[in-house]
Amino acid sequence: MAGLLIWYMAGSDQQTLAIAHREAAAYIAKDNALRAWVTSHGGVYVPSTERTPPNPYLDGVPDRDVETPSGKKLTLMNSAQVLRQLHAHFAGPFGEKGRLTSLRPLNPINAPDAWERSALLRFEEGAREVSAVSDLGGVPHLRVMQPLFVEQSCLKCHGGQDYKVGDVRGGIGVSLSLEPFYASSARTQRNLMTGYGAGWLIGLIGIGFVARQNRRREIERKVAEYILRDSESSLAEAQRIAHVGNWELDLASNGLTWSPEIFRIFEIDPQQFGASYEAFLAAIHPDDRAMVNQAYTDSVANRTPYDIVHRLLMKDGRIKYVNERCETYYGPDGKALRSLGTVHDITERQRNEERVRALNQELEERVTKRTAELENANKELEAFAFSVSHDLRAPLRAIDGFSQILVEDYERELDPEARRLLGVVRQNTTRMTKLIDDILSFSRASRRDMEKTEIDIGALALSVFEEFRAAAPGRTLRLELGELTPARGDQAMMRQIFTNLISNAIKFTGPRAEALIEVGGVVGADENEYYVRDNGVGFDMQYVGKLFGVFQRLHTAEEFEGTGIGLAIVKRIVTRHGGRIWAESKLGEGTTIHFTLPRADRANG
């Protein structure tokens, strides 16, 4: 009985460690499955909170922070950040403490301790798992770590660390407190010792007592196994939700093991599956079998990770797309022993990508068609404008000429009212001629090719102003020039802008004894703002929406002459230069027209 007791106690410690090791392995497998799922999606977006702030180590990753149409702010979490938060806030039933670490961590918090560093160095030498029993804070823990290899998706965050696909990037491990296991084992051992002691004293009664304790030990083992099965069930549920399954191929026996999720993806009854590599190939789309077989064969031969997308053909003719990944493990002699991998159902993602490609193609075709239609319409409009102007000018000249002849040759026969009416006719023919000229200018403003050069805006504004002042000797006109940054644009079009704006300013300051016109500007980050301000009659801002439209006038022709096209031409020229235009005004206090142009050092062309 003493020998049996000693033998049992020695074996009990090993069984305790074996159970703890299985729990640790299940925990790491869960973490690996979650990491693979997060990595396969390029990370996951979660609400940005104090508990989950934007990851500073993903600064270089595009779209790290996004905002939903409803205004909710989301931030991208990579697999390491997800696991770290899971480890910090969701401990397992045995106080498991998961850990990600690396010899070259992005986040200093992932720097290895002495034991982890030793394990990582062993991974570099080819080890596939390292475990040890260590005291952490005075409490014995089983520490288990497995290597993490660089996959293509890992380079999104770690591309700047000179990693290559297949390199050992770090390790994923767990520290499992052995106290619950040792406590359970110790209780069993104490009970057995008590039972054996009683057996020495009372014989058969002691033997019965030992049997009873053995039964209790069996129950405790079943509880531990139940906990392990529960962990495996959680892993299977996680795989079902993520549509990711795992598999293992024993290359010595050709035995293939699939998780339940893979059977669901392939839509195969586990009872009818041959559980071999050949049976796996038979489940693949016939057109993809050779490609898949070659890719896996090359992966094993070249010792490189296997990552491929292929199709599955369902019994009812449906096509599925899956992404398969695997790594192969080799013996000391270099012989391939087993392959471990995952299968991810990406059918919905593939279909979405196809829809996006189809929509993009349709959009490009529509844009091309609309562009061609717009070009044809512009050509027709320009031809129409030219034809109208040509056909109208001749009768207008005739009307004006004959009206002038009537005034000159029949002045004595015409009474004052007739002479006034003939004057009105001539004024309207002149106005009609000006309107035709403005229509042609408006049409040319959108069709004329631009020759961009650097323009001295101050000199240009002063030159235009001096021309108008020379043409109005009876007016008191004053110009104030502010700081005007040079612009890059078409010289003729820029002159047209200031000609129209300064002309309007002079016109609408007619009732003033002194017309004050101010031209200034403001330097911006990407664009420069310019403005022309006057002290004229102004207008009501409720009508500002009409200001830049064709033939839109805020004053009658009797008050101020004009055709209502000048500002429309200015807007079209500014828009062609990539700028914006707007107005500010107040009745009786003047008007300011603002417009922007791209900065000269950033403008294209």
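The values are calculated or read from the model by the stated rules, or taken from the named source; none is laboratory data. Computed from a predicted model, the values in this text were never measured in an experiment. As a convention, Cβ positions derive from the backbone with ideal geometry for all residues, glycine included, and neighbour counts pool all protein chains shown. Surface accessibility is based on the protein's heavy atoms, side chains included, excluding ligands, DNA and RNA. Shrake-Rupley method; radii C 1.70, N 1.55, O 1.52, S 1.80 Å.
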Next item on the list: Assuming R0 = 30 Å, can you tell me the calculated FRET efficiency for the pair R349 and D250, based on Cβ-Cβ distance, to the nearest 0.05?
Entry: 0.45
Next item on the list: Using a 1.4 angstrom probe on the protein heavy atoms only, line up V292, V44, V523 by accessible area, largest first.
Entry: V523, V44, V292
Next item on the list: Take H141, H41 and sort them by solvent-accessible surface of the protein heavy atoms, 1.4 Å probe, largest at the top.
Entry: H41, H141
Note to self: Past 21 Å, Cα to Cα: identify those pairs from K369/K546; K73/K97; K30/K97; K30/K73; K97/K164; K507/K571, in the order given.
What the structure shows: K369/K546; K73/K97; K30/K73; K97/K164
Notebook entry, point to check: Using a Förster distance of 51 Å, how high is the FRET efficiency between L406 and A470, based on the Cβ-Cβ distance and rounded to 0.05?
Noted result: 0.90
Margin query: Using a probe radius of 1.4 Å on heavy atoms only, what accessible surface per residue do you get for the stretch 133-203? Whole Å² is fine.
Written below: 44
Next item on the list: Roll a 1.4 angstrom probe over the protein heavy atoms and tell me the percent of accessible area of the stretch 21-68 that is carbon or sulfur.
Entry: 57
Next item on the list: Please work out, to two decimal places, the log10 of the ratio I(q)/I(0) at q = 0.15, 0.27, 0.29 Å⁻¹ from a Debye calculation in which every Cα of the stretch 301-366 carries one identical scatterer.
Entry: -0.67, -1.08, -1.15
